[in-house]
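What follows is one structure encoded as structure tokens, with my remarks underneath.
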Amino acid sequence: MTITPDFILQICYYGLIAFGIFCAVVAIACWVTFRGHNLSGDSLSNIIAQTEIPKLATIILIIVAATFLGLLQLVSGESVVAILSGIAGYVLGGRNPQRKDKPEGTGTKKAATS
């Protein structure tokens with residue numbers, strides 16, 4: 001398969017259509033979810049911060065960029081695999097439940113030396 005300018009334009013065209021559909025679906029989902037509620041900007045920013053939407057969007061953009069760089073043969077296949085496996089490790093490594101700190105009264109005490 002050879003990469004031609006027409007192929008790149010076709011990929012960009014379909015990517016733009018997919019992005020438009022995605023934005024429309026997100027807008028409709030937000031409208032359905034939040035209609036009838038009186039939400040201020042502060043409460044919406046808290047919702048976005050607690051749901052890790054920016055983190056997810058960044059990961060998706062990195063995956064799309066790595067895929068396009070690989071398709072356009074601007075980077076080698078091994079580099080794309082390294083990027084994607086690094087993202088997979090980051091995502092799967094961050095899925096562990098957070099540990100709670102032990103209360104101060106538990107644990108072993110050191111013996112007092114004089």
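State, to one decimal in nm², a quarter of the convex hull surface area for the C-alpha atoms of segment 23-93, i.e. the direction-averaged projected area. Write out the running numbers ahead of the final one.
Working: hull surface 25.8 nm².
Mean projected area for segment 23-93: 6.4 nm², to one decimal.
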(request) Please give the residues of segment 48-85, grouped as numeric ranges, whose backbone N is less than 13 Å from a label point set 7 Å along the Cα-to-Cβ vector of Leu92. (result) 84-85
(message) So if each residue of separation counts as 0.36 nm, and I subtract the Cα-Cα distance between Thr2 and Ile53, what length gain in nm does that give?
(response) 14.7 nm
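The numbers here are math on the coordinates, done by the rules we state, and not lab data. Keep in mind that this is a model prediction, so the values were computed, not measured. FYI the Cβ positions are ideal-geometry reconstructions off the backbone, even for glycines, and counts take in every protein chain you see.
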